[in-house]
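The values are calculated or read from the model by the stated rules, or taken from the named source; none is laboratory data. Computed from a prediction, not measured in an experiment: that's the story for all the values here. Every residue, glycine as well, gets a Cβ built from its backbone with ideal geometry; the counts of neighbours run over all protein chains shown. With ligands, DNA and RNA removed, areas are computed over all heavy atoms of the protein, side chains included. Shrake-Rupley method; radii C 1.70, N 1.55, O 1.52, S 1.80 Å.
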Amino acid sequence: GVDLQVCTSKNPTCCTKKMEERYQTAVKQDIQQVLQTSSATLKFLISHNAAAFQETFEMLIRLAENYTNTLFCNAYRSMAAEATVHVQEFFTDVGLFLFGADISTEEFVNRFFDTLFPVVYNHVINPGPTDISLEYAECLRVVRRDIRPFGNIPEKAIGQVGRSLLPSRTFLQALNLAIEVINTTDHLHFSRDCSRALLRMQYCPHCQGLTLSKPCMGYCLNILRGCLADVAEVDPHWRGYIQSLEELSGALSGAQGIEHVLLNFHSLVHDALVQARLNGPGLSEQVNKICGPPVRKPKQSPGCSFDQNRDSQGLKMFSRDREETLTNRRKEFFSQLQLHRAFFGGLADQLCGNELAAADGLPCWDGEGVVRSYTHRVVGSGIKAQSANPEVKVKGTDPVISQIIDKLKHVIQV
């Protein structure tokens, strides 16, 4: 083949242009495969933990909803059925917010207390032989924030819920971003220059009948540090990401943590109800002034429709191991994640060292022929170092990688 583009040589070779093109396709698939294999452990670690944390949070929400419904069933049976609807709405909102929906914690906490007030008024503050009408209930819902039947409990709840849910929400979003970062670097598009250099390194020896010779270590490093120069630029941001994720995870536990706040939400509700009962006479007066005397309709309050036993077995077991589960899971996750701190910076070295290059001291391929050792200068990692690369020309950063770096910077700030 006299018309070879890359695997040229002084001596005749056993490659044709067609074979060279096939080898070019093969080397792209090979390198993609090698990249995906090298990141598989890290990707599994993150996606497995993202799923596990999400499942733990879902379980916490169900448990907290259970506790709150149980409070109504045990202490306020007459209004339990009506209250359960609002409790369910509230914990649905908690889940939506936690898993990324664009809603405000202040808004849904306020909505919970707004909708609870007519129920409490009807059954605790001013109970009568019949229920209040829908229009009257609507008036009560609207005036709740002005007459403050629950004292400062709603404000307290807004503070606690907001502070505890935000770190957990950010934590889950950050884990999903890490998966996106790895998917991006797994499916890199290599430049023409880089693809040709990879072809020369991997398959050109075949054209000379040298099917067993591996590239020299220095030669392999130059080519892969050149081809992965963009990826090496992710390194400082990835390290910063792991550090800030670990700092954030500290906020998931303790008195401000999601477990403590959600599982004690029922006691805040209890305090709010006690407050309303104590302020009962004064509240009745205020309500009469604004909404007029209660307008009533025939009573239809079923008892407690919530099935306390339905979930309680699974949840009891969960709640027993829960404390150490979340804390241990976090510790275990970060001790493993720390091992991958240098993943992006050391990727080229890892690939050459693990599978691509010849072991030290063995004859190896240097792009021209088989030699005792590689004689060219070996460049460092990252874009700046590539100007001196004898094997690959590297032009600026890949826009896809720049985008990933921007996302990492953003999540670190968040």
### Message
Out of the residues in the stretch 114-152 meeting the condition of being small (G, A, S) and exposed (fewer than 15 other Cβ atoms within 10 Å of the Cβ), tell me which one is farthest from I290 (Cα to Cα).
### Response
G128
### Task
Identify, by number, the condition in (1) under 37 Å from the mean Cα position of the chain (by Cα); (2) modelled with pLDDT under 90 that P129 doesn't meet.
(1)
### Task
Take the residues in the stretch 14-43 that are among the polar types (S, T, N, Q) and touching a Leu at 6+ places or on another chain (Cβ under 7 Å), then tell me which one is nearest to S191 (Cα to Cα).
Q24
### Query
Are any residues in the stretch 364-414 farther than 30 Å from L245 by Cα, in a helix (DSSP H, G or I) and open to solvent by 30 Å² or more (accessible area, probe 1.4 Å), and if so, which ones?
S387, A388
### Query
Looking at the stretch 250-299, which of its residues are aliphatic (A, V, I, L, M) and either open to solvent by 20 Å² or more (accessible area, probe 1.4 Å) or in contact with a Gly (Cβ under 9 Å, 6 or more places away or on another chain) (or both)?
A251, A255, A272, V274, A276, L278, I290, V295
### Search result, residues across the stretch 22-70 that are within 15 Å of L98 (Cα to Cα) and of a type in the set (S, T, Y)
T56
### Query
If you go through the stretch 185-199 one residue at a time, how many are of a type outside the set (D, E, K, R), assigned to a helix (DSSP H, G or I) and at pLDDT below 90?
1
### Search result, residues across the stretch 186-201 that are open to solvent by 10 Å² or more (accessible area, probe 1.4 Å) and either within 20 Å of K43 (Cα to Cα) or among the hydrophobic types (A, V, I, L, M, F, W, C) (or both)
H187, L188, H189, F190
## Note on the structure
Filtering helices (runs of 4 or more DSSP H) wholly in the stretch 202-249 for at least 1 residues that are in contact with a Gly (Cβ under 8 Å, 6 or more places away or on another chain), open to solvent by 20 Å² or more (accessible area, probe 1.4 Å) and in contact (Cβ under 8 Å) with a residue 40 or more places away in the chain gives 217-227, 235-249
### Query
Which residues, counting only those in the stretch 388-412, are basic (K, R) and within 16 Å of the chain's Cα centre (by Cα)?
K407, K409
### Task
Mind checking which helices (runs of 4 or more DSSP H) fall wholly inside the stretch 63-169 and carry at least 1 residues that are under 28 Å from S249 (Cβ atoms)?
80-98, 105-120
### Query
Cβ-Cβ below 6 Å, separation at least six or inter-chain, first residue in the stretch 173-200 and of a type outside the set (D, E, K, R), second not in a helix (DSSP H, G or I): which pairs?
C194/V392; A197/E391; A197/V392; L199/V6
### Query
Among the listed residues G345, G361, which satisfies the condition of being open to solvent by less than 50 Å² (accessible area, probe 1.4 Å), in a loop (DSSP other than H, G, I, E, B), modelled with pLDDT under 95 and not basic (K, R)?
G345
### Query
Taking T56, is it touching a residue at least 60 places away in the same chain (Cβ under 8 Å), among the polar types (S, T, N, Q) and either open to solvent by less than 50 Å² (accessible area, probe 1.4 Å) or out of contact with any Leu (no Cβ under 7 Å at 6 or more places or on another chain) (or both)?
yes
### Task
Would you mind telling me which numbered condition in (1) under 18 Å from L356 (Cβ atoms); (2) touching a residue at least 40 places away in the same chain (Cβ under 8 Å) Q29 fails?
(2)
### Query
V161 passes all but one of (1) open to solvent by less than 30 Å² (accessible area, probe 1.4 Å); (2) more than 30 Å from I405 (Cβ to Cβ); (3) among the aliphatic types (A, V, I, L, M); (4) over 33 Å from the mean Cα position of the chain (by Cα); which number fails?
(4)
### Query
Hey, does the stretch 15-23 have a residue that's open to solvent by 60 Å² or more (accessible area, probe 1.4 Å) and assigned to a loop (DSSP other than H, G, I, E, B)?
yes
### Query
Taking only pairs six or more apart or across chains, which ones have beta-carbon atoms under 6 Å, a first residue in the stretch 74-87 that is touching a residue at least 40 places away in the same chain (Cβ under 8 Å), and a second residue that is outside any helix (DSSP H, G or I) and open to solvent by 10 Å² or more (accessible area, probe 1.4 Å)?
R77/G303; R77/C304; S78/S301; A80/C304; A81/P302; A81/S305; T84/F306
### Query
Looking only at the stretch 24-53, which residues are open to solvent by less than 70 Å² (accessible area, probe 1.4 Å) and of a type in the set (K, R)?
K43
